[in-house]
Structures are given as structure tokens and as C-alpha cells.
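Visitor: Let me begin by handing over the structure; questions about it come next.
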Amino acid sequence: MQHAVVLNQALFLLCCVQLGISIQDLDLLTIGMVNDMYAESGNDEYKGYAQIATQRDFAAF
């Protein structure tokens with residue numbers, strides 16, 4: 001069972017700092033965009049992808 005994490009202003013700004021987002025950048029982003037970027041940043045170090053898609057794969061899709 002996962003516990004819900006309350007994202008208050010301080011934690012949101014901490015996420016922004018960890019992502020390298022400036023206060024000026026926040027004028028251009030929504031909270032959802034920042035949340036998505038933070039979630040995806042956890043995948044940056046993942047090395048388990050068996051295959052990387054090529055242009056041919058995208059065209060066939």
C-alpha cells in the first residue's frame with residue numbers, strides 16, 4: 001500500500017530546484033508539467049531498455 005505524499009509549496013519548490021527550473025521558468029510551466037518532468041527524471045538512469053526505437057520503427061507505427 002502506497003502512502004500519499006502531500007506536495008506543499010516547499011516540496012514543489014524543492015522539486016523545481018532538483019530539476020534546475022528557475023522562478024522565471026515557472027511562469028511558462030504548469031504544476032502538472034513540473035510534476036511530469038519530476039516523475040520522468042526518475043527514469044533518466046534506467047538502463048534496462050532492451051531496444052531503442054529507430055526512425056523505421058516510428059514510421060511503421
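None of the figures in this text is laboratory data; all of them are computed from the coordinates on show. In this text, all values refer to a predicted model and were calculated from it rather than measured experimentally. Please note: Cβ atoms are built from the backbone with ideal geometry, for glycine as well, and neighbour counts cover all protein chains shown.
Visitor: Could you calculate the contour length gain from Leu14 to Lys47, that is, 0.36 nm times the residue separation minus the distance between their Cα atoms, to one decimal place in nm?
Guide: Computed gain between Leu14 and Lys47 is 9.3 nm.
Visitor: Then there is this: Positive end of the charge dipole of the chain (Lys, Arg +1 and Asp, Glu -1 on Cβ, about the Cα centre): tell me which of Tyr38, Leu14, Ala53 has its Cα farthest that way.
Guide: Ala53
Visitor: Would you compute, from DSSP H runs of 4+ residues alone, the mean residue ellipticity of the chain at 222 nm, taking -39500 (n - 2.57) per run and dividing by the full residue count, rounded to the nearest 500?
Guide: Per the formula, -14000 deg cm²/dmol.
Visitor: Moving on to the next point. Relative to the longest principal axis of the C-alpha atoms of the chain, give the angle of the C-alpha long axis of helix 9-19, reported between 0 and 90° and rounded to the nearest 10°.
Guide: Tilt of helix 9-19: around 40 degrees.
Visitor: Per the Kirkwood formula on distinct C-alpha pairs, the Rh of the chain is how many angstrom?
Guide: Averaging 1/r across every pair of different Cα atoms and inverting gives 14.3 Å.
Visitor: Here's something else I'd like to know. Note down the magnitude of the dipole of the chain about its Cα centre, charges +1 on Lys and Arg C-beta and -1 on Asp and Glu C-beta and zero elsewhere, to the nearest 20 debye.
Guide: The calculated dipole for the chain is roughly 160 debye.
Visitor: Tilt of helix 31-41 relative to the longest C-alpha principal axis of the chain, in degrees (0 to 90, nearest 10)?
Guide: 50
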